[in-house]
Structures are given as structure tokens and as C-alpha cells.
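Accompanying notes for the structure given below.
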Amino acid sequence: MSDLINSSLRELSAALATKKVSAVELATLFLDRIEKFNPPLNAFITTDRERTLAQARTADERLNTGAGTQLTGIPLGHKDIFCTKGWRTSCGSQMLANFVSPYDANVVEKLAAAGMVTLGKLNMDEFAMGSSNETSYFGPVRNPWDVSCVPGGSSGGSAAAIAARLTPAATGTDTGGSIRQPAALCGLTGLKPTYGVVSRYGMIAFASSLDQGGPMAKSAEDCALLLNAMAGFDTRDSTSLERPTEDYGRDLEKPLAGLKIGLPKEFFGVGMDADVRAAVDAALAEYRKLGATTGEVQLPNSGLSVPAYYVIAPAEASSNLSRFDGVRYGYRAPEYNDLTEMYSRSRAQGFGAEVKRRILIGTYVLSHGYYDAYYLKAQKIRRLIAADFVEAFKQCDVIMGPTSPSVAFAFGAKSADPVQMYLSDIYTISTNLAGLPGMSLPCGFGNNNMPVGLQIIGNWFGEAKMLNVAHQYQKATDWHTRMPEGVK
Amino acid sequence: MSLNLEDVARIARLARIELSAAEREATRDQLNDILGFIEQLQAVDTTGIEPMAHAVDVVQRLRPDVVTETDRRADFQAVAPETEAGLYLVPRVVE
């Protein structure tokens, strides 16, 4: 039974199909682990054993009648940004601390339709704004590799829960690196799809032109299975793309001979810690052993991605978060004298410091007289950043580099200085601005024996290629199978 | 340029976020740090560059003008802070 916590989704699927384990037993195994190991980690913020077991019983019935899919009966956790009918959906905020969603997000609906069993809701930076999971109203998430360190963010609960084997898989969202950076800091595999591949319906909006949901798990193979179930056109998301259905795992077994890997010189300059550099270099050497070639490419405007992002993302957030007014749902201040005061007090009390900071920045850059200087300027630079990638992909099949400039840092190390925190996402943000797919996979350990992530950036709609490239590395290495000591 | 306390008060009013006098000072300093960081964008020549509003070029889809949603007013109002007779309650705005 206990080896099941390290099993791949394919292995779990086989165990369920051959009745070696039932969905109820599997759900119970992980619920028991959540009870035992979650309290110090604070990864899950909502669980409901009865509801989970009811879903597991339904999955067992489906498996018994042969009506299951490859994912039926496999448990997972949802980042608390995804609306889940009947479950509290807080988005890590006091604003939604009592919000029980009346509907399911498209992603939740699709994974439930595939027969996956929900273990609970996962902690996150408030409204997905953060890179360390320190901004959650429900308290920080701790990194299972070292509980004095952050798990990364904003999908830090998802990452910590998988690393601690409290769930085999989880959903995440990535606006500027929120799947890839916590995956790197917790030693996991996470994938942000091309913008528009996964529906945003029911995914609480932060920056609509950048937000994209995706899978987090232990391996590329697991991510491919999950993405197959998550992706697809949805009329309820106006930017969902109508494309033919793909099997994202179709190329997993392709050999890498002849693969051209582009290494942006801007990603390998100053700023990356030496331990991260060593692990990334070793991974690139492994890829050359697998038959790939590496060559320098240039992304000359990538240094502008963080400042451009901190105009565009707050601008969109200030607009999206205007819906939280204390009228239709969410927190309402206990005392006020008129309507305006009800709005401004509800928002002052219901939002945390980082969320308010970003709303204020966004409000300013969109305000009369500043729109051209900030917002329009940032949108023009966004085009330059995207155009760099078009050029780079003329010379290579995938781009590689570090996911994060450092391994997981200590609590409080960056939380007093917003700009320093923003720079944690220096290697991930440009892909969101361009709408490209990106992945992070474990490639070794750095200082303090903390995991290091290798980032793969694919061409637009290059998910199957990225997964192939990641899977071949994971067949040749075992970094993705490592598990923290404290949760054994 | 950097923001002063009046600018911060104006932005907070536009954003409908109440700030106390003490918060206003800390907020001014933090916003100025962030705006200082963003300022490097101004040095880039973007003459003739088309702004990129979205990650992918999509056109607005239209659908037939037919009812697709069922009436779930009770479900949606169950999560509201205050309702009465199917209406959302807010402080009086018209005397």
C-alpha cells in the first residue's frame, strides 16, 4: 500500500484496473497522510472526507462496470483558485473565506468527468499574487524539503502537497511562473500550457491575458495524462482556443537525437546562483548525452519582462478584482455609513497587503494621463518580448534554462521588499507575456540540499514536444523520484 | 516622477480601498519603489510597435441569441452578504 504514494498515475491506473486497490482505499490512504503530515505544511486548507469518499465510491462503481477512464479513481487536489461546487473556494483570501462555490470550474468539471477524486483544496498566495506563498490569509505553506523555507508560489500548496506525497497530482495556475517556480522549489514537474489551451472558466481571474491553468505532478508522463483531461475548447471562456483534440503524450517515447536546445544568453548571465547553475549545466550535459545539441539563442528584451509584467498584471488585476465589492459575494465590512464606505472598507479589510498594492499600482497605470506612458508602453514591450521568441525558435526546438534564480529561500527573506520578490520570477514571466508553454522539472539539488528546477520553454502549442523532452530526461535520471525525508 | 500622499489618496479613492493616514505613507514608499522599477520601460524605443493586448490573436465569438442559462438566483444569492426578497441589499443611495 505505502509504495502507492510514489507510484506514477499510469501505475495507479493499472492498480485500480486490476483491483489491486480500490478508489476508496486509495483516497483513504492519501486522506490519512493529509491528516498526519499536513498540519505543519499547511498545504491543504479544506478537506471533506465524506465528500471525497463519496466521489471515490462513484469511481469504484465506474471501474466495476468498465466505464472508467485512465484517470478514474485517482485522487488529486485543486488549487483553491478553481471554483469547486459545494466546497469552499477562498483563493487564499479573507475576501472569499466563506465562499462556497455554487458551480464548478471547467477544469474541475473535466477532471471529475474523467473520474478523478478530489482530496481537497490547496493553499496559495492570495489571489495568486506572490512567489513564496507567504501572502495567503490562511498562513504560509511550508516546503516539505525544509520547513524553514518557502515552497514558492503562487501554487505553493499544490507543490508542497505533491512533494510530501499527500496527493499524486494537483491543479495549478501560472500567471508569471506560479506553476513552474513552486514546482522547481519543491522538486516536481509542472506544466503551463500555451495560453488558451485550458479553459479559464471558473478559475478566479488575476490577469486575464496571462492566466493559464495546468497540471502539477511527479513526472512529465503524469502531466501528459492530466493535460489530456484538462485541455479543450470551452465556449464559456472567450479566449479558449478551438483546436483539434491532441494526445499530449503521443511523443513521450521519441528519442532526442537531433533535438536542438536553445540556451538564451540572457538566462545564463549574472543573477543565477552558482548551485542552480551547476545543476542546470549538468542537466544540459545529460541532454547532450541523449543526442541533443545545445546552442546560444538571444532574447534581448527578456530583461524587460518583469517590469512590463508589473504594469500589465496589476492593471488587469485592478479591473478583475473590482468585482469584490461586498455586494454579491465575499466579505462585507461590519460597519459603514454609506455605499462608497461599504465598498472601500470591505476591500480594505478583505484584501491583504500585496493584493491591495497591486490593485493600487494597476489603478494608477490605467488612470487618466498615465495610460499611454505605462500600460500602452508595456503592451508594446510585450510585443518585442514575444517577437524575440519567434526569432529564437527559428534556431531551436525548445529553449532551456533555470526556472528560478535560487533554490527555496527562508521565510521573510524577500517579503519586506516587493521588487526583490518580483525578481524571483525573472526566468518565467516572459513565457506568460508571449503566451508560450513552459515546464519545470527537477534536475538536482543545490545549497542546503534543496531541489533545483530546469525550465523548458516550448514553441506555441509545443506541449507534446516539451513533454517528450522532459520524459526522455526523466527516463535517464531519477531526480523526479526523490522524496523529502520528513514525510516518509 | 514619484507619488506624493495626495496622489496615493486619489489612487486609493479610485480603487475603492480605504487607507488610514499611517498606511498612506507606507503605501507611498512601496508604490514609488515599484514605479521606480517599472520606470526602465521608458528608456526603450517603441516607435511603430503595435501594442500586444493579448497572448494570442483571437476574435470575439458570437453565439445565437438564445437562453442558455437556467435560473439559479437562489444558489447565487445564498453566498451574498445580505439579500431580501431576491434582491441584493446595500446602503440607501437615493434619499
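Compute the signed sum of charges (Lys and Arg +1, Asp and Glu -1) over the other residues within less than 14 Å, Cβ to Cβ, of residue A:151. In short, +1. Could you tell me whether region A:193-272 comes out rounded, prolate or oblate from its Cα gyration tensor? Rule is a ≥ b ≥ c as square roots of the eigenvalues, rounded for a/c under 1.5, then prolate if a/b exceeds b/c, otherwise oblate. Cα axes put region A:193-272 in the oblate bin. The 3J(HN,Hα) values that the Karplus relation (6.51, -1.76, 1.60; θ = phi - 60°) gives for region B:37-50 are, in residue order, 5, 6, 3, 4, 5, 5, 6, 8, 7, 10, 4, x, 8, 6 Hz. Gly and Pro appear as x. Filter A:254/A:289; A:192/A:465; A:218/A:289; A:20/A:254; A:110/A:192; A:192/A:414 down to the pairs with a C-alpha to C-alpha distance above 19 Å, please. The pairs that break the limit, which is 19 Å between Cα atoms, are A:218/A:289; A:20/A:254; A:192/A:414.
Would you mind classifying region A:232-341 by shape? Square roots of the alpha carbon gyration tensor eigenvalues, ordered a ≥ b ≥ c; an a/c under 1.5 is rounded, otherwise it is prolate if a/b is larger than b/c and oblate if not. Cα axes put region A:232-341 in the prolate bin. Close amide H pairs (under 5 Å, H built 1.01 Å from N) link residue A:409 with A:150, residues at least 5 positions away or on another chain.
For the residues of A:374-385, the average number of beta carbons from a partner chain within 10 Å of their own beta carbon is 5. Label zone of residue A:376 (point 7 Å out along Cα→Cβ, amide N under 15 Å): in region B:50-84 this covers B:50-53. With a Förster radius of 56 Å applied to the beta-carbon distance between residue B:72 and residue A:476, the computed FRET efficiency rounds to 0.60. Structure remark: mean-square fluctuation, Gaussian network model of chain B, C-alpha springs under 10 Å; the largest value among B:81, B:51, B:64 belongs to B:81. When exposed loop sites are taken as GluC sites (Glu not before Pro) in a DSSP loop with at most 11 other Cβ atoms within 10 Å, the longest stretch of chain A clear of them is A:1-241. With helices as the sole contributors, chain A gives -11000 deg cm²/dmol at 222 nm; each DSSP H run of n ≥ 4 counts as -39500 (n - 2.57), and the sum is divided by every residue. With a cut-off of 11 Å between beta carbons, the residues surrounding residue B:81 carry a summed charge of 0, where Lys and Arg count +1 and Asp and Glu -1. Using a ≥ b ≥ c from the Cα gyration tensor of the protein assembly as shown (square roots of the eigenvalues), is it rounded, prolate or oblate, where a/c under 1.5 gives rounded and otherwise the larger of a/b and b/c decides, a/b for prolate? Oblate is the answer for the protein assembly as shown, as a/c is 1.5 or above yet b/c matches or exceeds a/b. Averaged over the residues of peptide A:358-368, the number of Cβ atoms from other protein chains lying within 10 Å of each residue's Cβ is 5. The distance linking region B:1-47 with region A:196-219 is 29 Å (Cα centroid to Cα centroid, whole angstrom).
None of the figures in this text is laboratory data; all of them are computed from the coordinates on show. Bear in mind the structure is a predicted one, so any value in this text is a computation, not a measurement. So basically every Cβ, Gly included, is an ideal-geometry build from the backbone, and we count neighbours across all protein chains shown.
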